[in-house]
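*Asks:* The structure that follows is given in the form of structure tokens.
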Amino acid sequence: MTLWRLEWLRLARTRRWLVLVGVFLFFGLLGPLGARYLDQILGLAGGELEGAQIELPPPVPADGMIQFASNAFQVGTLVVVVVAAGSLAFDAIAEMGVFLRTRVPDVRRILVPRLVVTATTVVASFLLGVGAAWYETWVLIGAPDARGVLVGTAYGILFLCFVVALVAAMAGRAATVLSTVLGSALVLLLLPILGIADAIGRWLPSHLAGALGALAAGAAPASDFLPAAGVTLAATVLLLWAAVHLAARREV
């Protein structure tokens, strides 16, 4: 049995792919629904406060994609970190690390299948969520801007690949799956803080998380996200190199 087949079987039998698909699909269905009926939901929850009534403008097609993107890149990213750490931190269980390394001398042969399978599953789950959000938005509210959705989706995929690469690099040094998750989550939390200043934020990978909503709404041109895309691509390549280098030097 090859390591590629082993990784696909491990992903399927642990049902981790269901978690990724479930999260992105859930928000893909919930986002447009919430955007369409937000006014009614607030009314049922008590929209009147001391005689003042909250009135929202009629929903527009972009609202469905904005709602999906907001939830998917907050909760979804954390789920990606947890699932990726479970796959990429193979040295967290000492027996497994020793077993793999004594039978496969080149650590790249261990790491690459795990990276590719994890990233492929993450991207496929995200695309499924985008498709669900796009279709439901079209049915409930109207058709969002197709070009904006497609370009925003591409930027979103690049961001998620960066997240997987970040987890892989963290796994090369962290002792446990939990420390891998916490270290990766800390970096991802610090990025938006550093990006409070627009001059810095437009260059950071976290800027790409807002691309889908912004482009679907026509709030910004696609070129506004090119600096962040360039930095994210370079950072992803660097993190992948670091992941292989750190894993190769690690003593189990």
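The values are calculated or read from the model by the stated rules, or taken from the named source; none is laboratory data. Everything numeric here is computed off the predicted structure, so don't read it as measured data. Virtual Cβ from ideal backbone geometry, glycine too; neighbours counted across all protein chains shown. Keep in mind that these areas ignore ligands, DNA and RNA; they rest on the heavy atoms of the full protein, side chains included. Shrake-Rupley method; radii C 1.70, N 1.55, O 1.52, S 1.80 Å.
*Asks:* If you take the residues of segment 87-125 that are part of a loop (DSSP other than H, G, I, E, B) and either under 18 Å from T180 (Cβ atoms) or touching a Gly at 6+ places or on another chain (Cβ under 6 Å) (or both), which of them is modelled with the highest pLDDT?
*Replies:* Here the answer is A89.
*Asks:* Then there's this: Restricting the search to segment 141-159, which residues are in contact (Cβ under 8 Å) with a residue 40 or more places away in the chain, open to solvent by 20 Å² or more (accessible area, probe 1.4 Å) and within 19 Å of the chain's Cα centre (by Cα)?
*Replies:* V151, Y155, L158 - these are the residues of segment 141-159 that are in contact (Cβ under 8 Å) with a residue 40 or more places away in the chain, open to solvent by 20 Å² or more (accessible area, probe 1.4 Å) and within 19 Å of the chain's Cα centre (by Cα).
Condition check ((1) aromatic (F, W, Y); (2) in contact (Cβ under 8 Å) with a residue 12 or more places away in the chain; (3) not in a helix (DSSP H, G or I)) across all residues:
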position	(1), (2), (3)
L191	no, yes, no
F225	yes, yes, no
V231	no, yes, no
L238	no, no, no
A243	no, yes, no
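*Asks:* Continuing with the same structure: So, L212, is that one in contact with a helix residue (DSSP H, G or I) (Cβ under 6 Å, 6 or more places away or on another chain) and either open to solvent by 40 Å² or more (accessible area, probe 1.4 Å) or in contact (Cβ under 8 Å) with a residue 24 or more places away in the chain (or both) or not?
*Replies:* Judged against the criteria, L212 is a match.
*Asks:* Continuing with the same structure: Look at S184 and say whether it is more than 26 Å from L128 (Cα to Cα), in a helix (DSSP H, G or I), of a type in the set (S, T, Y) and out of contact with any Cys (no Cβ under 6 Å at 6 or more places or on another chain).
*Replies:* Here the answer is no, as S184 does not meet what is asked.
*Asks:* Given the condition open to solvent by 40 Å² or more (accessible area, probe 1.4 Å) and within 20 Å of the chain's Cα centre (by Cα), answer yes or no: does some residue in segment 128-140 qualify?
*Replies:* Yes, segment 128-140 contains at least one residue that is open to solvent by 40 Å² or more (accessible area, probe 1.4 Å) and within 20 Å of the chain's Cα centre (by Cα).
*Asks:* What are the pairs with Cβ atoms under 9 angstrom where one residue, in segment 1-15, is without any contact (Cβ under 8 Å) to a residue 60 or more places away in the chain and the other, located anywhere, is open to solvent by 70 Å² or more (accessible area, probe 1.4 Å) and of a type in the set (A, V, I, L, M, F, W, C)? Sequence gap at least six, or different chains.
*Replies:* Here the result reads L9/M1, each pair linking segment 1-15 to a residue that is open to solvent by 70 Å² or more (accessible area, probe 1.4 Å) and of a type in the set (A, V, I, L, M, F, W, C).
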